[in-house]
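Encoded as structure tokens, the structure appears first; notes follow it.
The values are calculated or read from the model by the stated rules, or taken from the named source; none is laboratory data. Note that the structure is a prediction, hence the values are computed from the model and not measured. Every residue, glycine among them, receives a Cβ derived from its backbone with ideal geometry; neighbour counts consider all protein chains shown. These area figures cover heavy atoms from the full protein model, side chains too; ligands, DNA and RNA do not enter into them. Shrake-Rupley method; radii C 1.70, N 1.55, O 1.52, S 1.80 Å.
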Amino acid sequence: MEFADVVRTTGAVRRFRDEPVPDATLARVFDNARFAPSGGNRQGWRVIVLRSPEIRARIRELSRAGYEEYAAYVAAGRVPFSPGEDGRWQQPPDDVDFTAPVARNRFVEELDRAPVIAVLAVDLRQLAVTDGDLPRQSVVGGGSVYPFAQNILLSARNEGLGGVMTTFLCRREAEAKEALGLPGPYAIAATLAIGVPERHPRKLTRRPVGDFVTFDRFDGPAFPDPGE
């Protein structure tokens, strides 16, 4: 596929056909994805492809527990787990009810049926977290693992597949690490579900370039959109 077609049609795919993904195809996906950038080229990522029905079911249950927390924030009209105005993580507000029933999420409930489930972990010792001591939520460490995650999704799209990345499992990291045998220094960065999609997104909706690119300052002149 042409690059522009890949990046403009790699939307979140959560519904898959009941078709296996050949190992040879998945190998090409990871083979291309591994050229993602990482700090110092340390490539601190690790991917665990889940085949065992028991482990798949366990990861589904842990992901569902994380989703239920997330959905409670959404039901309260809040951005789940977002930092406050000071950039620091806040304790859950009083209006977030974690005991109330939440909206059904078919994707999470059927996660173990996805043709490919891959848990993405990262060796924290390999991350240069240059904002780790700032008085706000740290974000820099993800720069050495999430480009790889996006490369997996782009490479999957190039193979005619679809997929989605979720972080619900991170809410139950201790239990997930035990189930997966992850050593202490590793953290769970995401779960990726991949397969032959029931349908591909044909047109993704995104803000125009001028809405988020400016010259010189945050409030500087807007960068012109292509064709202007």
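Under the combined filter of DSSP loop state and at most 12 neighbouring Cβ atoms within 10 Å, segment 133-175 retains these trypsin sites (Lys or Arg not before Pro): 136. Scaled against the 2.2 N^0.38 Å expected of a compact globular protein of N residues, the Cα radius of gyration of segment 88-129 reads 1.87.
Would you please state the base-10 log of I(q)/I(0) at q = 0.12 1/Å for segment 143-228, with intensities from the Debye formula using one equal scatterer on every alpha carbon? Here the Debye-derived log intensity ratios amount to -0.63.
The H on the amide N of residue 214, modeled in the peptide plane, is under 5 Å from the matching H of 223, each at least 5 residues off or on a different chain. Hydrodynamic analysis of the chain uses the Kirkwood radius over alpha carbon pairs. Inserted into Stokes-Einstein at 20 °C and 1.002 mPa s, it gives a translational diffusion coefficient of 110 µm²/s.
For segment 20-32, 3J(HN,Hα) computed residue by residue from phi via the Karplus equation (6.51, -1.76, 1.60; θ = phi - 60°) reads x, 9, x, 4, 5, 5, 5, 4, 5, 4, 6, 5, 6 Hz, glycine and proline entered as x. Kirkwood analysis of the Cα pair distances in segment 120-169 returns a hydrodynamic radius of 12.7 Å. Taking every protein chain into account, the accessible area of the chain amounts to 61 square angstrom per residue (probe 1.4 Å). Give the Debye-formula value of log10 I(q)/I(0) at each listed q (0.29 Å⁻¹), with one equal scatterer per alpha carbon of segment 1-66, two decimals each. So the normalised log intensities work out to -1.23. Within the listed set 19, 159, 69, the Gaussian network model of the chain (springs between alpha-carbon atoms below 10 Å) gives the highest mean-square fluctuation for 19. Where is the GNM fluctuation largest for the chain (alpha-carbon springs, 10 angstrom cutoff): 134, 180, 124? Sorting by GNM fluctuation, first place goes to 134.
For segment 173-228, trypsin sites (Lys or Arg not before Pro) are listed when DSSP marks them as loop and at most 12 other Cβ atoms sit within 10 Å of their Cβ; the list is 199, 202, 203, 206, 217.
Quick check: residue separation of residue 213 and residue 88 times 0.36 nm, minus the Cα distance between them. What number comes out in nm?
Length gained, residue 213 through residue 88: 42.5 nm.
Diffusion of segment 91-192 by Stokes-Einstein, at 20 °C in a medium of 1.002 mPa s and with Rh set to the Kirkwood radius over alpha-carbon pairs, works out to 134 µm²/s.
Each listed q (0.13, 0.15, 0.17 Å⁻¹) maps to a log10 I(q)/I(0) for segment 1-111, found by the Debye formula over equal Cα scatterers with no solvent: -0.85, -1.06, -1.17. Solvent-accessible area of segment 11-168 (1.4 angstrom probe, protein heavy atoms only): carbon and sulfur portion equals 50 percent. Here the Gaussian network model covers the chain, with springs between Cα atoms less than 10 Å apart; of 201, 93, 147, 93 fluctuates the most.
Would you please name the GluC sites (Glu not before Pro) within segment 174-217 that are DSSP coil residues with at most 15 other C-beta atoms within 10 Å of their C-beta? Listed in order of number, the matching sites are 198. Remark: segment 152-161, residue by residue, has Karplus-estimated 3J(HN,Hα) of 4, 5, 5, 5, 5, 4, 5, 8, x, 9 Hz, where x stands for each Gly or Pro and the curve is 6.51 cos²θ - 1.76 cosθ + 1.60 at θ = phi - 60°.
Taking a ≥ b ≥ c as the square roots of the Cα gyration tensor eigenvalues, with a/c under 1.5 meaning rounded and otherwise prolate when a/b beats b/c, else oblate, which class fits segment 167-216? Because a/c hits 1.5 or more and a/b fails to exceed b/c, segment 167-216 counts as oblate. Each of 116, 141, 127 was scored by the projection of its Cα onto the charge dipole of segment 72-172, and the greatest displacement toward the positive side belongs to 116; charges sit on the C-beta of Lys, Arg, Asp and Glu. Using the beta-carbon distance between residue 35 and residue 76 and R0 = 41 Å, what value does 1/(1 + (r/R0)^6) give for FRET efficiency, to the nearest 0.05? So the FRET efficiency works out to roughly 0.50.
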